[in-house]
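One structure is given below, encoded as structure tokens.
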Amino acid sequence: MATRRRQKVAAGMLPRQLLHLVRRNIRFIGVTLLLLVVVTQLSLRSGKATQSSDNMPIFSLDSSLPDRLLPPEALLSPEGTLSQLSNQTVAAVNTTEQAIQRTRAQEKILAERIKSGYKKYSKETTQGALVPSFANAGFRPRACLLMFLSSSTGDRVDPQLIYSTVTNVQQRFNNWFEYDWVFLSADGYEFKNGKFIEEINALLPAEQYSFKVEFAVASEDKFWHVPESVDVNKISDSQIRLSQLEFGDSKFFRLMSRYFTGHLAREKFLEDYDWVWRIEPGLELLCDVRYDLFRWMQDRSQVMGFSLSHKEPHKELVEGLWDLSKKYAGAQTKKIVDYGENLYEFITEYPDVKDLDKAKNAEERLKKEREGAKGGADPKHNQCQMDSGFLITNLNFMRSLPYWALFQDMDKDGGFFYKRWSASAAQTMAASLLLRRNQVYFFDSVGFRLSSSELSTSSQVSSISRNFYNCPIDDETYREFNCECDQGLDFTFMKDSCTSRFYDITNRKKPDDWDKH
């Protein structure tokens, strides 16, 4: 029987054999090391997630926000680093099993975070409703871009305007981040002959992009239904009475405002999303948005992000909304945020405060207003609102029980129909009562304009609407984000804008020479 003779290894041979083995298995060793890093990071994060929710950074509502946005690489938290490492590992290993393991690990982390978050915030509260969104910090947000395909008066929007808007938003933002598109029709008319769908699919080819494109129709009972408590005769009277004001004679605008304020967030086609950015047909981004707006908000516990605010020039269009909000706040004291922490000051003014007119600047005026509030002065509505023409919103906020209760009060009042309340005014009122002021953010680096041709086809177009033009006035921001706009036309600090007041009450530093615009 033949036997193998064990060879004696000569001195110096062993290191060379090991080196040979390492060279032959360098890829395996590299992947193994990456896996070890990922497993270690997962263990650390899992351990952190089980700690008290008071120590969880994702639920930290720190009001000290940066004055300027940072590029994506500077925004990576430990969670972001993990996500990046995980993506690299999956790409290196390129196996289904690794992807499954990563998904399971993420689900476990989220489950632990949500459980910890609910220990701090009840599900029935506004903050509790936001727990699943903020628990997702470090991972890709569940977000979409939403375009409503009708004008504010119900007229059909020129398809070419829609196509140009989609192309612009893709070039300036979504080519980098690839979020889903949802095209929403009020009645499905745009989808009937298939031409519109074909054109959109040609603009957003599935073989080129990884995101989904959905063509949705608003639920009839949510959009077109008029509550039984509303008197249809009074609607007609309102249309006649307000016919000379912007959208004052439009019943469609009334239905649309009610729908976007309360029912949109509860539509089935949005149930898998936490975030929505409403893209108006005719909107044109004037700067490159090279950072993930959704990720930026999610990982910093933000709820609403806007780039335009203004005063409603006609009191008739917000009549009753202020009184309703005060009544709600008085009856639901446990649901609203303390006045020292919410955005109530954004929508109020104290014209009767002593010596208010003698204030030399906005800071001194705000100080006098606060002194007047402590002395029992009666606040009045200043008619400020964050415009929904550019608004990124957390859908879970709109799905929360306190928000829904406030919307139901608005619905029963009939103000959407009798007084033509806009979604911008109603949502701003809700945010001012139910959110902390550091949960709302103004994006100063996003330049855009709205097409004047789509503002109104009936009634008189307000002077406000013609000035909806945002262009970063900070020169460094202008250059960094490749802006192509006229800084002299920026609306941010103009007379009819409310953004300057937002800066003041949130202690945010204004850009240089802001008062010259």
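The values are calculated or read from the model by the stated rules, or taken from the named source; none is laboratory data. Bear in mind the structure is a predicted one, so any value in this text is a computation, not a measurement. Reconstructed Cβ throughout: ideal geometry from the backbone, glycine too, with neighbour counts over all protein chains shown. All accessible areas refer to the heavy atoms of the entire protein, side chains included, with ligands and DNA or RNA removed. Shrake-Rupley method; radii C 1.70, N 1.55, O 1.52, S 1.80 Å.
How do the peptides 479-486, 433-440, 491-498, 136-143 rank, highest first, by the average count of neighbouring beta carbon atoms within 10 Å per residue?
On the way: 479-486: 15.6, 433-440: 22.6, 491-498: 18.2, 136-143: 21.0.
Highest to lowest by the protection proxy: 433-440, 136-143, 491-498, 479-486.
Mind checking the per residue accessible area of the range 217-270 for me, 1.4 Å probe, whole number of Å²?
Working: 2510 Å² over 54 residues.
Each residue of the range 217-270 exposes 47 Å² on average to a 1.4 Å probe.
Tally Lys and Arg at +1 and Asp and Glu at -1 over the other residues with C-beta under 13 Å from the C-beta of LEU264: what net charge comes out?
Residues close to LEU264 contribute a combined charge of +4.
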>> Working only with C-alpha atoms, what are the Rg and Dmax values of the range 100-241, expressed in angstrom?
In response: 20.6, 63
>> Modelling each spin label as a point 7 Å along the Cα-to-Cβ direction, I'd like the ASN361/ARG399 distance in nm, to one decimal.
In response: 4.5
>> What percent of all Cα-Cα pairs in the range 208-273 falls into each 10 Å bin, going from 0 up to the bin containing the maximum distance?
In response: 17, 39, 25, 14, 5, 0
> Using 0.36 nm per residue, how much length does the chain from ASP187 to TYR163 gain when fully extended, once their Cα-Cα distance is taken away?
Replying inline: 6.7 nm
> Please state the equivalent ellipsoid semi-axes for the range 360-402: what are the square roots of 5 times the Cα gyration tensor eigenvalues, largest first, in whole Å?
Replying inline: 31, 16, 10
> For the range 162-220, what does the equivalent ellipsoid look like in terms of its semi-axes, each the square root of 5 times an eigenvalue of the Cα gyration tensor, given largest first in whole Å?
Replying inline: 21, 12, 11
> Mind listing the phi-derived Karplus ³J(HN,Hα) values for the range 364-375, rounded to whole Hz, using 6.51, -1.76 and 1.60 with θ = phi - 60°, and x for any glycine or proline?
Replying inline: 5, 5, 5, 4, 5, 5, 5, 5, x, 5, 5, x
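Return the tail of the calculated pair distribution for the range 260-379, meaning the percent of Cα-Cα pairs more than 25 Å apart.
Numbers: 3424 of 7140 pairs.
I get 48 percent for the Cα pairs in the range 260-379 exceeding 25 Å.
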> Going through the range 306-413, which trypsin sites (Lys or Arg not before Pro) have at most 16 other Cβ atoms within 10 Å and a DSSP loop state?
Replying inline: LYS334, LYS354, LYS360
> Carbon and sulfur atoms: what percent of the 1.4 Å accessible area of the range 212-342 do they account for?
Replying inline: 46
> What is the local net charge at PHE196, summed over the other residues whose Cβ is closer than 15 Å to its Cβ (Lys, Arg +1; Asp, Glu -1)?
Replying inline: -3
> Under the Kirkwood approximation applied to all pairs of distinct alpha-carbon atoms, what is the hydrodynamic radius of the range 346-456 in Å?
Replying inline: 16.7
> Taking only C-alpha pairs under 8 Å that are 6+ residues apart, what is the relative contact order of the range 114-180 in percent?
Replying inline: 24
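Rg/Rh for the range 281-346 to two decimals, with Rh computed the Kirkwood way over all alpha-carbon pairs.
Numbers: Rg = 16.9 Å, Rh = 15.8 Å.
My calculation of the ratio gives 1.07.
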> Considering only the other residues whose Cβ falls under 15 Å of the Cβ of SER309, what net charge follows from Lys and Arg at +1 and Asp and Glu at -1?
Replying inline: -2
> Using only Cα atoms, what is the ratio of the radius of gyration of the range 311-364 to 2.2 N^0.38 Å?
Replying inline: 1.40
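Of all trypsin sites (Lys or Arg not before Pro) in the range 161-264, which ones are in loop regions per DSSP and have a Cβ with at most 12 other Cβ atoms within 10 Å? Intermediate results must be reported in sequence, preceding the final value.
Details: sites: ARG172, LYS192, LYS195, LYS212, LYS222, LYS234, ARG241, LYS251, ARG254, ARG258; in loops: LYS192, LYS212.
Listed in order of number, the matching sites are LYS192.
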> Each residue of the range 98-109 in order: what ³J(HN,Hα) in whole Hz does its phi give by Karplus 6.51 cos²θ - 1.76 cosθ + 1.60, θ = phi - 60°, with x for Gly and Pro?
Replying inline: 5, 5, 5, 5, 5, 5, 4, 5, 5, 4, 5, 4
